[in-house]
């Protein structure tokens, strides 16, 4: 089975969030099941610099967005990559979506339209006798036009298509007058097609034209069919309910493994947590926190945005300090939240630490050195940080939504006695509910036998990609009709 992933980022070459982790790990798990997977990504400078074992190059003529453009075959680790090298579209400072000043690139419709156009070219007869996918699996709005381009092919030439929603809040909406530049016929700009409130919707295109739709947790698959979480697409998603599947993400258990992680000061596992205690002290010293082994250390590794509920933590965080705890935050995002955590660190030296940006090695050390990780999201399609926390024995404190609800088992007398408890959950989107959950977590922390039970149970959970990959393989077979 030949499957083409289409995505705007892939770990370890370029990453702004969990999407890159999924695109970097799921193809490897599928390959172990016998699937021939290639990943099509834009040729950003970091991608071109990190590409190993470069193979042949194919010139592309007539690509959306103009030229020159070519496809480069290569590899990074165990990933087979196809890189769209179009310097006029991708050779820019900044991250994949915004410039160095944080402003959206004005031609993102062309940058990712070209990526989708190249995917359709690979799947069509123009690709000649080269590797041709049987199925295109697109990820998020940046891949949304690929199923639309495939739909324009003669029926006998079309391949199967799947779109995965990683976060429905980001939809890739552009002016309707971009249709011509994207080489899309006017009749597609219709409510039964690409049109979204008078604009062109990339994600809308993927949801309308794909054979199957997936999202990254079962709970989120239900939530996005409601007005509260549907972001204007809930009607379409309800209409396509029979083709919509919620498959919980996995994590790369080789990259995220406290027994072998090269970023940690000492290894550890569920049977011997000595290395975790060493990691906690090392993290406290690294971040300028008091090296107190008895103070519960809460960590946050996240984009600092309202959607992630970090404004609630600014209000509720005092409950940690009042109970003798510490807080360490890694992330960047909305200015008011960054300013808030910076001020909290200034006003509480030795007890609160803040580090801006994203630092992958530090993220690993925080997962290992923390006692608990806070994820108070308003909405969370899946979430990976809670799975990393469980893997590293760092107890998740999460709101009951999306994949957080599917991956963390609340600590209650019943779940404790059954040996199932792995974290602390709360329901309401307000600071008092989070403060209650944080207080409950600290009380559990000071009950050392119970805390050790929760920690070890979480570390025994299997969030590898093996199970999820098997579900994707089954879905591919359905989409292909065998």
Quick one: if you stick a label point 7 Å off each Cα along the C-beta vector at residue 239 and residue 2, how many nm between them?
3.3
Normalised by the residues of region 84-197, what does the relative contact order come to in percent, with Cα pairs under 8 Å and at least six apart?
21
Taking a ≥ b ≥ c as the square roots of the eigenvalues of the Cα gyration tensor, with a/c under 1.5 meaning rounded and otherwise prolate when a/b exceeds b/c and oblate if not, region 31-188 is rounded
If packing is taken as the mean number of other Cβ atoms within 10 Å per residue, what is the order of 203-209, 281-287, 241-247, highest first?
203-209, 281-287, 241-247
What list do you get for 90, 220 if you sort them by fewest beta carbons within 10 Å?
90, 220
Per-residue Cβ neighbour rank within 10 angstrom, fewest leading, 364, 234, 137
234, 364, 137
Once R0 is set to 45 Å, what does the formula 1/(1 + (r/R0)^6) return for the Cβ-Cβ distance between residue 36 and residue 100, expressed as a FRET efficiency to the nearest 0.05?
0.75
When the distances between all Cα atoms of region 1-89 are binned every 5 Å from zero, what whole-number percent does each bin get?
3, 15, 25, 25, 18, 10, 3, 0
Using the alpha-carbon centroid of each, what span in Å lies between region 357-377 and region 425-482?
15
Rounded to whole angstrom, the alpha-carbon centroid of region 276-301 lies from that of region 161-235 at a distance of 43
When 136, 373, 442 are ranked with the fewest other C-beta atoms within 10 Å first, the list becomes 442, 373, 136
Run the helix sum for the chain: -39,500 (n - 2.57) per DSSP H stretch of 4+ residues, divided by residue count, reported at 222 nm to the nearest 500 deg cm²/dmol.
-10500 deg cm²/dmol
Percent RCO, i.e. relative contact order, over the chain, from Cα pairs under 8 Å lying at least 6 residues apart
12
Report the Rg/Rh value for region 274-459, based on alpha-carbon coordinates and the Kirkwood definition of Rh.
0.93
Once both label points are put 7 Å beyond Cα along the C-beta direction, the residue 294-residue 130 separation in nm becomes 6.6
Restricting to the chain, compute how many DSSP beta bridges are antiparallel as a %, nearest 5.
30
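No value in this document is a laboratory result; all are computed from the given coordinates. Not measured: the values here are computed from a predicted model. Here the Cβ is made from the backbone with ideal geometry for all residues, glycine too, and neighbour counts use every protein chain on show.
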